[in-house]
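Here is the structure we will look at, set down as structure tokens.
No value in this document is a laboratory result; all are computed from the given coordinates. If you're wondering where the values come from, they're calculated on a predicted model, not measured in any experiment. Here the Cβ positions follow ideal geometry from the backbone for every residue, glycine too, while neighbour counts run over all protein chains shown.
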Amino acid sequence: MLWNVLDDCAPSLKKLESWLEAADRQDVFAYAIAYRNAAEALTEAVDELHTPEISEDGSEDFRNWAVAQGEATWRGALGDLAAAYKRHIAGENRWDDKVRNPAHRGFRAPWYIAVPIFEERFSEDLRECLDSVL
């Protein structure tokens, strides 16, 4: 589901924003779980890269970037993390940063935009919900 949603919506963050606003809670939550699991799958590899410039925040940003680029880039990162990291540092990105709702301007990435939308629609903190099941 995750890869289909990302492929169907890219490169338009507005289109993903609309999908998240229209999908039912189960689908939004499934998207978030799959996204987080895919990003977490890269954690050990990022830790083993031993690149001093990758802080904890930088690691999270890179892992989320790799997922956002789609399944091929994510799988490529699993196989050759250093090459994927170079693409990330070079600024390669398949997504624009345009959103419809001004309240979402601080969340201009395919993972982060799900956070305020989930809270707005379902009156729940997405990160807390994820932490409770993962």
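Miscellaneous remarks
- The Cβ shell under 14 Å around residue 7 holds other residues with a net charge of +1, Lys and Arg each +1, Asp and Glu each -1.
- Residue 98 versus residue 30: modelled label distance in nm, points set 7 Å from Cα along the beta carbon direction: 3.0 nm
- 15 Å beta-carbon shell around residue 125, net charge (K/R +1, D/E -1): -1
- D (Stokes-Einstein, µm²/s), Kirkwood Cα radius, the chain, 0.692 mPa s at 37 °C: 216 µm²/s
- Averaging over all projection directions, the Cα-based convex hull of region 65-134 occupies 5.9 nm² in the image plane.
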